[in-house]
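Below is one structure, written out as structure tokens; comments come after it.
Just so it is clear, none of the values below were taken in a lab; they were calculated from the coordinates. As the structure is a computational prediction, the values presented were derived from the model and not from experiment. All Cβ positions, glycine included, derive from the backbone under ideal geometry; neighbour counts span all protein chains shown.
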Amino acid sequence: MDIRKKRCYMILFSCVIIFSLLIFKIYLIDFKDNDQILSTYNSQNTSVEKTSDINFDIIDFSGKQLLKYDFDYYVVVNPYIFLKNNSDTNMYDLRALTYTLKNYNSNYDLFNDDIINKSSKIYWKVDEQTYDKINKIKGVNGVYSYIYYKVNRSEASDICNTLTNVKDNNGKDKASNSLEMQIYNKVLKNGYTEKYFQSDDNGNLTNVNDKKLKSTTNVKLTIDQDMNDKVNEILDNDEFKNYKQIGAVVMESDTGKIRVLTQKDKYKGNINAGIQDGYLFPGSIFKIIVEEAGLQSKAINTSEIFHDDGKYSESGEKGNYNLLQAFIVSSNEVFMKIGNKTGYDSIYKYANEQGLFDKVLGLNYEQHGNLNMDPLSTGDLSLLSIGEKFRMTPLEALSLPNTVINNGIYVKPTIIEGYVDNNDNLISKQETTSKKILDTDTSNFIKGEMEQVVSNESGTGRLAYVANNDVGGKTGTATRVENKDESHVDAWFVGFFKIKNKYYSTVILVPDIQNSQEAGTTAAPIFKKIVEELNK
């Protein structure tokens, strides 16, 4: 009897254990593993579509979106679901969908052999009007639509287009040290925007959700879009309609932050980076460097008198000039003499220390200053002293007025403010590079000269003068010969001005002006318009 009782207890105990394990298993299935099961179920009934070709935003210094997008509209057909689950679908909706698609493209036939024989999803690209019509048709299983966002790359000069394109002209990755690749590496871990289309077991579309992205790194530029837009309006003004191209850069002087980077013909490469039409002889704006080198090396002094016999002036007038007078009228012969007294080494030193032989922003195709001369040749040194034998870009030319207005301190221009998250919180900041180049006396003297270039009746830049503003600058008209016999004339103006007691440095380049024109009548008035408009 005792043995039978023990066996009964053992069987009962075993049943209790088994029953308890079953209850625990049910608990795990119903509660603990529910999310995983639902996730597996949803993944089997969910289609995921990538909705953008870029995984980060580019914003201006105040947080405004700078990227411009094109929109592609897609209709997606899942053949298996469409053919299996539409027996009870409203025929009116089915016919409406069929007619709408075939009306846009006769090949978009929901009942042809391609649909029947295909197992993978079919993507049909439509226009916006067709997309809107299809979105109004509900209840057809296995069909949905979405919008795909692509960066607009029609404007070749657009800095956002450049920064978001990591491939070179041959389809290979750009240089690893280029600014484009630096940005790419910063945003590499960002996710892409996606849209989830969830259906039930019968193929009915039940939910459409956007993917929730985790923390995203975005690029914040120094560009001020409002200022940029105002300058664009000026460049497109009828007053300057005869100029096919104009480049304009405006930079905050003390920080080196570029607020405006634009050009008239945006379908050409970036002129300001010298990518197209902007890698040119600087002409007389280079005289700023020559004079700095002469004064800093003590090869010349501010009271020295120079004779100009009229050989290199358009008027042929002879005269004696002190340094200020020679700068105001931009005497070529005087600056040739200054250059030869100063010497190649000193001129090269002060050009190099102000970034005239290096890329400024570090863009893959950006050009940088290049000398094409014999340093031991007196003739070549004379030509260099008036801005020939040397090519540079507008971005490099920013340092010419900027070092002067910064009391002799060179500040390297930058276009990256830093990297931010989706809430505009700073992740990392771009540091400013600066160094003392000129004595304060030298910079103050040249600043005074640049002010008189625009205010003096004899100044070559008097058409750039703006009343009630601390404004100054230097004109540069340069002649170059391309392909042995193509003669071109280019106009430069580099200058500084104030907005609300803050200095800004500016470069204007007008390539390919008429042979009879000069920088003082072409580039200088554009500078004036910009200063007046930005001060409104």
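Structure values in brief
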{"read-out": "Within the chain: Cβ-based charge dipole about Cα centre, in debye rounded to nearest 20 (Lys, Arg +1; Asp, Glu -1)", "value": "2440 debye"}
{"read-out": "Within the stretch 358-441, trypsin sites (Lys or Arg not before Pro) in DSSP loop having at most 13 other beta-carbon neighbours inside 10 Å", "value": "none"}
{"read-out": "Magnitude of the charge dipole, the stretch 251-326, Cβ model with Lys/Arg +1 and Asp/Glu -1, debye to 20", "value": "360 debye"}
{"read-out": "Centroid-to-centroid separation of the stretch 50-67 and the stretch 362-418 [C-alpha atoms, Å]", "value": "32 Å"}
{"read-out": "Charge-dipole axis of the chain as Lys and Arg at +1 and Asp and Glu at -1 on Cβ define it, positive-most pick from ASN270, ASN152, VAL249", "value": "ASN152"}
{"read-out": "Estimated FRET transfer efficiency when R0 is 45 angstrom, pair LYS136-ASN423 (beta carbons, to 0.05)", "value": "0.80"}
{"read-out": "FRET efficiency for LYS118 and GLU239, using Cβ-Cβ distance with R0 set to 60 Å, rounded to 0.05", "value": "0.50"}
{"read-out": "Given charges at beta-carbon only (K, R positive; D, E negative), |dipole| of the stretch 149-195 in Debye", "value": "180 debye"}
{"read-out": "For the chain, share of DSSP beta bridges that run antiparallel, in % to the nearest 5", "value": "95 percent"}
{"read-out": "All Cα pairs of the chain, percent lying beyond 30 Å", "value": "61 percent"}
{"read-out": "Length-normalised contact order of the chain in % [C-alpha pairs under 8 Å, at least 6 apart]", "value": "14 percent"}
{"read-out": "Convex hull projection area averaged over all views, the stretch 422-536, Cα basis, nm²", "value": "11.9 nm²"}
{"read-out": "Gain in span if fully extended, SER434 to HIS307, counting 0.36 nm per residue against the direct Cα distance", "value": "42.0 nm"}
{"read-out": "Dipole of the chain [Lys/Arg +1, Asp/Glu -1 at C-beta], most positive-end residue of ASN425, LEU438, ILE115", "value": "ILE115"}
{"read-out": "Charge context of LYS412, other residues only, Cβ under 14 angstrom, K/R +1, D/E -1", "value": "-3"}
{"read-out": "Over the chain: helical MRE at 222 nm, DSSP H runs n ≥ 4 each giving -39500 (n - 2.57), nearest 500", "value": "-10000 deg cm²/dmol"}
{"read-out": "Dipole of the stretch 136-289, positive direction: furthest Cα of ASN141, ILE285, ASN209, with charges on the beta-carbon", "value": "ASN141"}
